[in-house]
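The values are calculated or read from the model by the stated rules, or taken from the named source; none is laboratory data. Predicted, not measured: the structure shown is a model, and the values here were computed from it. Here the Cβ is made from the backbone with ideal geometry for all residues, glycine too, and neighbour counts use every protein chain on show.
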């Protein structure tokens, strides 16, 4: 099964300057457990120092980072695709990002997002976030479930695959 997490990376009505913040999308939680291999981002201005990760709630608006990867810089003006990643994800996780500077496409739709000032995107980072209703940014993850079980050369379990 293909894994789908986060809203579409599209040109939206305005942009947001959350440089220096960790932002986690509530829209479209992961539909399966596996590995995010590709991330799509649409930014209004160039982004610097981008990291993307998966998160899960531990209590209310407290979220914990499961896994992350460094993207680096993102050039603005169109959907940019970053393949070749390996970010663990579990069904129900959320996708989030941190960047040093720049603006990501944003609009007043969707399920909202969590945000916190500073970088909280290393695995096992846990923090209490503020929730912003009815907003979304252009950040999407795509991946697949691992080949699990005997015979296919894949790992025997999700633990062995490094997912959980």
Checklist entry - Which residue pairs have Cβ atoms under 6 Å apart, sit 6 or more places apart or on different chains, and have a first residue in the stretch 1-24 that is under 16 Å from residue 55 (Cβ atoms) and a second that is buried (at least 17 other Cβ atoms within 10 Å of the Cβ) and modelled with pLDDT under 95? => result 7/110; 7/136
Checklist entry - Residue check, residue 70 against (1) buried (at least 17 other Cβ atoms within 10 Å of the Cβ); (2) under 12 Å from the mean Cα position of the chain (by Cα); (3) part of a strand (DSSP E or B), all met but one. Which one? => result (1)
Item to check | Number of the exception - residue 104 against (1) at pLDDT below 95; (2) surrounded by fewer than 23 Cβ atoms within 10 Å (Cβ to Cβ) | outcome: (2)
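Considering the stretch 132-149 alone, what residues qualify as being at negative phi and over 16 Å from the mean Cα position of the chain (by Cα)?
Keep residues of the stretch 132-149 that are at negative phi, which gives 132-133, 135-148.
Within the stretch 132-149, 132, 133, 145, 146, 147, 148 meet the criteria.
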Checklist entry - If we keep just the residues of the stretch 41-64 that are in contact with a strand residue (DSSP E or B) (Cβ under 6 Å, 6 or more places away or on another chain), surrounded by fewer than 23 Cβ atoms within 10 Å (Cβ to Cβ) and under 17 Å from residue 20 (Cβ atoms), which is modelled with the lowest pLDDT? => result 44
Next on the checklist: Take residue 130 and tell me if it is surrounded by fewer than 16 Cβ atoms within 10 Å (Cβ to Cβ) and under 22 Å from residue 56 (Cβ atoms).
Outcome noted: yes
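Being out of contact with any helix residue (DSSP H, G or I) (no Cβ under 6 Å at 6 or more places or on another chain), over 24 Å from residue 41 (Cα atoms), modelled with pLDDT of 95 or more and part of a strand (DSSP E or B), is that true of even one residue in the stretch 128-143?
Step one: of the stretch 128-143, the residues out of contact with any helix residue (DSSP H, G or I) (no Cβ under 6 Å at 6 or more places or on another chain) are 128-143.
In the following step, the residues that additionally are over 24 Å from residue 41 (Cα atoms) were identified as 128.
Still in the list and also modelled with pLDDT of 95 or more: 128.
Restricting the remaining residues to those that are part of a strand (DSSP E or B) gives 128.
Yes, because at least one residue in the stretch 128-143 is out of contact with any helix residue (DSSP H, G or I) (no Cβ under 6 Å at 6 or more places or on another chain), over 24 Å from residue 41 (Cα atoms), modelled with pLDDT of 95 or more and part of a strand (DSSP E or B).
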Checklist outcome for this item: Taking the stretch 3-40 and keeping only residues that are crowded, with 16+ Cβ neighbours inside 10 Å, modelled with pLDDT under 95 and part of a loop (DSSP other than H, G, I, E, B), one is left with 12, 18, 19
Checklist entry - Of the residues in the stretch 102-125, how many are part of a strand (DSSP E or B), within 15 Å of the chain's Cα centre (by Cα) and closer than 22 Å to residue 58 by Cα? => result 4
Checklist outcome for this item: When the stretch 42-60 is checked residue by residue, the ones that are within 21 Å of residue 123 (Cα to Cα) and in a strand (DSSP E or B) are 48, 49, 50, 51, 52, 53, 54, 55, 56, 57, 58, 59
